[in-house]
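Accompanying notes for the structure given below.
We did not get these values from a lab; they are worked out from the coordinates using the rules stated. Owing to the predicted nature of the structure, the values given are computational and were not obtained by experimental measurement. All Cβ positions, glycine included, derive from the backbone under ideal geometry; neighbour counts span all protein chains shown.
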Amino acid sequence: MGAGAYGMALDQTDPAWLRNTNDRTEGTGVYLSQRGTGLYVHFHPSITRTECLEEGASLNVLALKWVPTTIAHSAQVTNSSCNSSGQACVDRCPGFTCFCLHGKCVSDP
């Protein structure tokens, strides 16, 4: 997955989540950003995939995922935990709040 047209934000959305969605489908943007020397995950509910990608690029996030409401509602996304932290990865990690960064799954500390 390359940077594409949206700058350096690495889109780690599971392609299977995009089935049965369209340009108007809303979901939750999940963003991995750097704060000082640490990482943090933040959310933006009720946005489209395009809005999520644009916002990720404008915020210069390290990575992002868009979780459509066809997969999970905002509360399910924001209350989920990363059960694969520290595991090896290639381009994405399971779960809504886990991101693949430098070959390892990461989330909020």
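Couple of notes before you dig in:
- Residues 71, 47, arranged from fewest to most other Cβ atoms within 10 angstrom of their Cβ, appear as 47, 71.
- Using 0.36 nm per residue and subtracting the Cα-Cα separation, the extra length available between residue 16 and residue 102 on full extension is 28.6 nm.
- For segment 29-86: rounded, prolate or oblate by the Cα gyration tensor [a/c cutoff 1.5]: oblate
- Applying the Kirkwood pairwise sum to the alpha-carbon positions of the chain produces a hydrodynamic radius of 13.7 angstrom.
- Between helix 49-59 and the chain: long-axis angle, C-alpha atoms, 0 to 90°, nearest 10: 40 degrees
- Gaussian network model of the chain, springs between alpha carbon atoms under 10 Å - residue of 13, 25, 48 with greatest fluctuation: 25
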